[in-house]
Amino acid sequence: MAPTHEELRDQLAELIAIPSVSADPAHADDVVAAAEWAAGRIRDAGGTAEVVPWDGGRPLVIGDVPASSGADSAPTVLCYAHFDVQPPDPLDLWESPPFELTERDGWLYARGVADDKAHLFLLVEAARQLADEGALPVNLRFALDSEEEVGGQSVGQWVDADERGADAAIVFDGDTYERGVPTFYTALRGLAYFHVVVRTGERDMHSGIYGGAALNAMHALMQTLSAVVPRDGRMPEPLRAGIDPPTEEELDGWAALRPGSEVLAAAGATPADADAAEEFYVRTWGEPAVDVHGLAGGSPDLVKTVLPVEARANVSIRLAPGQSVQAIAAAFEQLLRDAAPAGAELSVELHSHGEPARVSPHAPALELAREAFEAVFGREAMLVRVGGSIPVAERIVSKGIPAIVTGLATQDANAHSPNEKFPAEYLTRGVEVVRETYRRLGELA
Ligand code: BES
Ligand code: MN
Ligand code: MN
């Protein structure tokens, strides 16, 4: 008998309860515990699985569930999801504890439920059910990631090194353009994330005595960063190098989507400039974007007439399809160095990165997945790009493995935010659609 919604929810709650926050060293043991949990579930599905320690990274879970019969000739499907989550703060904005899976008003709430633990659970549970019934038509190879949220390289390196390859890959870490409408990504942006530090002296000074004559590190940082932020809606040209422009067909498709002004308004956002709303899809799907994520230095809270000599920033650039981390990270650093005032000591460290990806929309594997999702949801699928990044996608595509990049989260899932949520009905429905996808991918051979 297929598990009920309540049974599925209770199992997912076990994984949710492990606070596998990859960004926080205090949770390193929890990341390992989540890995053990996921490996255990793959074994419950009749497969083999190992927690694989990774040099310079966090552990991976690599597992295999063989096809129920004819495993030698059955196609192999690589299944990707990540079990690390973003930090839960600010905690006071959560209406229920972030690591207690809580069902309310048709939603399941918890940190990581949408991004990406429910997806991971659905991939493994559908495998378990089909294997149990002796009806799994494909060999499944799981590559589960514990450092997606910090831009880790481990799973990409594993994909590179795995010579067996696969006949298709499912990257289950996305959302639907509209609830109930199956959505497959044809492109993702990449990312280069930097720590920038400016030093202008040995120790902070009295601004009355030195102000006007000594170089202030906050000023130096502002001047430095101003070289990479957009002006009048245009990114500095060196940061646009290599963009592979959207096709006419894509642009026509984007023109029919919900107007950018509505999307921005729904998020409570202020358009960045006069053309931003009109160009929403081109900007977020087809162009690079620089964002300063945080600034630190001096005395932002207490009144203090200090002249700070150290200032720090976290800043990233999203890469458009066609661009490469190597070229754009170098151009980015050069712009900063050229803009820094004379005498300022500038340190630019590339913290993490992932290449942008383009996914062929016509691969037979994607057609089969699309049919599966359309059959279960009764809605025609959408093929769209996404502005976010899933670094492993490019590694998979560059190995020539046809990729199915999709997910069931909703755009209002509050991913990376308080009160993250996933539609409650998509536990049973999600198992159904993944089962149907595995079933149809059996036709790949
Ligand atoms: N699941 C997201 C990627 C995503 C974002 C898919 C939006 C669909 C819509 C993923 O977990 C994520 O947050 N990725 C990071 C990547 C980074 C840390 C390398 C991102 O996009 O910031
Ligand atoms: Mn994710
Ligand atoms: Mn994420």
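The values are calculated or read from the model by the stated rules, or taken from the named source; none is laboratory data. Small disclaimer: the values here were computed from a predicted structure and weren't measured. No Cβ is skipped: glycine too gets one built from the backbone with ideal geometry, and neighbour counts run over all protein chains shown. The protein model used for the area step is the full one, side chains on, heavy atoms only, and it has no ligands, DNA or RNA in it. Shrake-Rupley method; radii C 1.70, N 1.55, O 1.52, S 1.80 Å.
Here are some notes:
- Residue in the stretch 354-364 that is within 20 Å of Leu123 (Cα to Cα) and among the hydrophobic types (A, V, I, L, M, F, W, C) present: no
- The stretch 186-205, residues that are outside any loop (DSSP other than H, G, I, E, B) and either open to solvent by 10 Å² or more (accessible area, probe 1.4 Å) or at positive phi (or both): Thr186, Leu191, Tyr193, His195, Val197, Arg199, Met205
- Leu307 meets the stated requirement of being touching a Ser or Thr at 6+ places or on another chain (Cβ under 6 Å), open to solvent by less than 20 Å² (accessible area, probe 1.4 Å) and in contact (Cβ under 8 Å) with a residue 24 or more places away in the chain.
- Test: Pro246 is in contact with a Phe, Trp or Tyr (Cβ under 8 Å, 6 or more places away or on another chain), farther than 28 Å from Ala342 by Cα and in a loop (DSSP other than H, G, I, E, B): yes
- Total residues in the stretch 92-123, condition part of a helix (DSSP H, G or I) and away from ligand 2 (no atom under 16 Å from the Cβ): 2
- Per-region count, the stretch 129-155, residues away from ligand 2 (no atom under 16 Å from the Cβ), farther than 15 Å from Val77 by Cβ and assigned to a helix (DSSP H, G or I): 2
- Residue within the stretch 282-293 that is more than 22 Å from the chain's Cα centre (by Cα), open to solvent by 60 Å² or more (accessible area, probe 1.4 Å), outside the structural domain of Thr176 (by TED's automatic domain parsing) and at pLDDT 95 or above present: no
- Filtered residue count, the stretch 336-359, keeping only those that are touching an Asp or Glu at 6+ places or on another chain (Cβ under 8 Å), assigned to a strand (DSSP E or B) and open to solvent by less than 50 Å² (accessible area, probe 1.4 Å): 3
- Glu371 of a type in the set (Asp, Glu), touching a helix residue (DSSP H, G or I) at 6+ places or on another chain (Cβ under 7 Å) and open to solvent by 70 Å² or more (accessible area, probe 1.4 Å): yes
Per-residue answers, yes or no, for (1) away from ligand 1 (no atom under 15 Å from the Cβ); (2) under 21 Å from Thr410 (Cβ atoms):
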{"position": "Ala114", "(1), (2)": "no, yes"}
{"position": "Leu130", "(1), (2)": "yes, no"}
{"position": "Pro137", "(1), (2)": "yes, no"}
{"position": "Gly151", "(1), (2)": "no, no"}
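- Of everything in the stretch 99-120 that is open to solvent by 10 Å² or more (accessible area, probe 1.4 Å) and in contact with a helix residue (DSSP H, G or I) (Cβ under 7 Å, 6 or more places away or on another chain), the residue that is farthest from Val31 (Cα to Cα) is Glu103.
- Of the strands (runs of 3 or more DSSP E) lying entirely inside the stretch 360-445, not one is found with 3 or more residues being more than 16 Å from ligand 2 (Cβ to nearest atom) and outside the structural domain of Leu123 (by TED's automatic domain parsing).
- Among the residues of the stretch 156-175, the ones that are within 15 Å of ligand 2 (Cβ to nearest atom) and either more than 13 Å from the chain's Cα centre (by Cα) or not assigned by TED's automatic domain parsing to the domain that holds Ile62 (or both) come to 2 in all.
- When residues of the stretch 215-230 are limited to those that are of a type in the set (A, V, I, L, M, F, W, C) and open to solvent by 30 Å² or more (accessible area, probe 1.4 Å), the one nearest to Ile317 (Cα to Cα): Val229
- In the stretch 1-46, the residues that are more than 18 Å from Gln129 (Cβ to Cβ) and in contact with a strand residue (DSSP E or B) (Cβ under 8 Å, 6 or more places away or on another chain): Pro19, Ser20, Val21, Ser22, His27, Asp30, Val31, Val32, Ala35, Glu36, Ala39
- If you check Val52, Val61, Val85 for being within 16 Å of ligand 1 (Cβ to nearest atom) and modelled with pLDDT of 95 or more, only one passes: Val85.
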